[in-house]
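Read through the structure below, which is laid out as structure tokens, and then see the notes.
The values are calculated or read from the model by the stated rules, or taken from the named source; none is laboratory data. Just so it is clear, the structure is predicted and the values come from calculations on it, not from any experiment. Cβ placement follows ideal geometry from the backbone for every residue including glycine, while neighbour counts extend to all protein chains displayed. Heads up: the accessible areas ignore ligands, DNA and RNA and are worked out on the full protein's heavy atoms, side chains in. Shrake-Rupley method; radii C 1.70, N 1.55, O 1.52, S 1.80 Å.
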Amino acid sequence: MISFVEGQVVSLGPDGAVVLVGGVGLLVHCNPDTLAELTAGQSARLHTSLVVREDSLTLYGFGTDDERVVFEVAQTASGVGPRVAMAMLATHRPDTLRTIFATQDLKALTLVPGIGPKGAQKLLIELKGRLGDPTGKVPASREGEAAPGVTPWRGQLLEALTGLGWSARDAEGALTEVEPLAAEAEARGESPQLPVLLRAALRSMRR
């Protein structure tokens, strides 16, 4: 098992980074928060988890070992693969996820792209207690708010755009375009509405 990789970040992409380790460029798949902390040309250490399939070896990287542990434990639940586990961490931080499972918060779990109400109910049962107890210090959500139930519009919008056939790179660009619109909603104390953001994103991409 590859516990971590450390080396110069050669390049960054929409969903991963290439890290130079011992003369070999390793492609490490990361969530947006982890990628935001990396800079091409600078050294970085990523905690990693290697997912082995019959036809592939895929390395996933995280900014903290806690995220790596949650990623691996989440996949012990039936029907949860690397993609869903990464989406969980892109939407909620590790301790927020512990709180969600400890309190059986169905609504917060269904905010994760790819997890519907039925799947969330099943996961709440299967993963309850497996992630450990929350520390009691709930960190800020991925949108910078304290509450775990804040709509993770970035992840949902990215999935919606790529599902419509747009490339991840173009979709990321559209997220930047609609940030002011989302910020306006948050300034009014409202959660950004995905349909409104999606329409705005599509208009920006078709210009």
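Observations, loosely collected:
- Normalised per residue, the accessible area of the chain is 53 Å², obtained with a 1.4 Å probe and no contribution from ligands, DNA or RNA.
- With the simple spin-label model, which puts each label point 7 Å out from Cα in the Cβ direction, the M1 to R45 separation comes to 1.8 nm.
- For mean projected area of the Cα convex hull in nm², calculated from these coordinates, the label among (i) 11.6; (ii) 10.8; (iii) 12.7: (iii)
- Helix-only mean residue ellipticity at 222 nm for the chain, each DSSP H run of n ≥ 4 adding -39500 (n - 2.57), per residue, nearest 500: -13500 deg cm²/dmol
- Aspartates and glutamates whose Cα lies under 15 Å from that of K122, excluding same-chain neighbours fewer than 8 positions away: D105
- Annotation: amide H of V21 within the under-5 Å range of L26, sequence separation 5 or more or interchain, hydrogens built in the peptide plane.
- Taking the centroid of alpha carbons for each part, segment 36-59 and segment 104-120 are 27 Å apart.
- Relative contact order %, the chain, counting alpha carbon pairs below 8 Å whose residues are six or more apart: 14 percent
- Loop GluC sites (Glu not before Pro), segment 38-145 (other Cβ atoms within 10 Å of the site Cβ: 11 or fewer; DSSP): E54
- Accessible surface for T99 stands near 30 Å², nearest 10, in the context of the full protein assembly shown (1.4 Å probe).
- Modelled label positions at E54 and L194, each set 7 Å beyond Cα in the direction of Cβ, lie 3.3 nm from each other.
- Taking the C-alpha atoms of segment 1-106, convex hull volume expressed per residue in Å³: 106 Å³
- Net lengthening on full extension, V10/A102 (0.36 nm per residue, minus Cα-Cα): 29.1 nm
- Rounded to whole numbers, the Karplus 3J(HN,Hα) couplings from phi for segment 82-94 are x, 5, 5, 4, 5, 5, 4, 6, 6, 9, 10, 6, x Hz, using 6.51 cos²θ - 1.76 cosθ + 1.60 with θ = phi - 60°, and x at Gly and Pro.
- Once divided by 2.2 N^0.38 Å, the Cα radius of gyration of segment 40-89 becomes 1.22.
- Close amide H contacts of S11 (hydrogens built in the peptide plane, cut-off under 5 Å, sequence separation of 5 or more or a different chain): V18.
- Dipole of the chain computed with +1 at Lys/Arg Cβ and -1 at Asp/Glu Cβ about the Cα centre; of P32, Q121, V51, farthest Cα towards the positive end is Q121.
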